[in-house]
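The values are calculated or read from the model by the stated rules, or taken from the named source; none is laboratory data. In this text the structure is predicted, and so the values were computed from the model without any measurement. A quick note on method: Cβ atoms are made from the backbone with ideal geometry, for glycine too, and the neighbour counts reach across all protein chains shown. For the accessible areas, the whole protein counts, side chains as well, though only heavy atoms, and no ligand, DNA or RNA atoms are used. Shrake-Rupley method; radii C 1.70, N 1.55, O 1.52, S 1.80 Å.
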Amino acid sequence: MRALAARHALLPLRIFLGVTFVYAGLDKLTDSAFLSVTGDGSIGELMRGVRDTAAIPAMVDLALKAPVGFAVALAIGELLVGLGVLAGLLTRMAAAGGALISLSLWLTVSWAVTPYYYGNDLIYLMAWLPLVLGGAPYLSLDSVIRSRRSRRTA
């Protein structure tokens, strides 16, 4: 039982992060207020609001050149990362994408949160790292592909 638990230790993290990122991506894509340059709840207002407190204001300036395009790209990125991790397909790459999204959000949106541990983007960044390192060796499309390759070479 202990070996089984150890083998599947990353599965709850995979499910949580995958579902969360799929939800976040769909939420952004279906929120017309968010996908606007101006107005309450818009990506434009959010980015202008965090610009002066971001660790790297140039990142925010870049997003502000095309805020709606940036919002769509972010949402699609979150959706693809979440689906990849849930399916266990190219899991390390998907997790690296999730870590990069979380890092960029930490350096911009939640950088000024104090104390730092109240900002959730840093925690998400740290949560992605075990999946970047360990991948999805079990209950994943990666493991199915790996086993089929090993059977062909045997």
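Against the condition of a type in the set (A, V, I, L, M) and either in contact (Cβ under 8 Å) with a residue 24 or more places away in the chain or open to solvent by 50 Å² or more (accessible area, probe 1.4 Å) (or both), how does LEU90 come out, does it pass? For LEU90, the condition - of a type in the set (A, V, I, L, M) and either in contact (Cβ under 8 Å) with a residue 24 or more places away in the chain or open to solvent by 50 Å² or more (accessible area, probe 1.4 Å) (or both) - is met. For the stretch 1-16, the candidate set comprises residues that are closer than 24 Å to LEU80 by Cβ and in a helix (DSSP H, G or I); within that set, the residue that is least open to solvent (accessible area, probe 1.4 Å) is ARG14.
Scan the stretch 59-76 for residues that are of a type in the set (Gly, Ala, Ser) and buried (at least 20 other Cβ atoms within 10 Å of the Cβ) and the total you get is 3. LEU122 meets all of the listed conditions (1) under 25 Å from GLY49 (Cα atoms); (2) buried (at least 21 other Cβ atoms within 10 Å of the Cβ); (3) among the hydrophobic types (A, V, I, L, M, F, W, C) but one, namely (2).
Here VAL85 qualifies as among the β-branched types (Val, Ile, Thr) and in contact (Cβ under 8 Å) with a residue 60 or more places away in the chain.
Being part of a helix (DSSP H, G or I), open to solvent by 50 Å² or more (accessible area, probe 1.4 Å) and not aromatic (Phe, Trp, Tyr) is the filter here, so list the residues in the stretch 17-36 that pass it. Those that are part of a helix (DSSP H, G or I), open to solvent by 50 Å² or more (accessible area, probe 1.4 Å) and not aromatic (Phe, Trp, Tyr): VAL19, LEU26, ASP27, LEU29.
In the stretch 135-143, is there at least one residue being in contact (Cβ under 8 Å) with a residue 12 or more places away in the chain, aromatic (Phe, Trp, Tyr) and either closer than 24 Å to LEU26 by Cα or crowded, with 16+ Cβ neighbours inside 10 Å (or both)? Taking every residue of the stretch 135-143 in turn, none turns out to be in contact (Cβ under 8 Å) with a residue 12 or more places away in the chain, aromatic (Phe, Trp, Tyr) and either closer than 24 Å to LEU26 by Cα or crowded, with 16+ Cβ neighbours inside 10 Å (or both).
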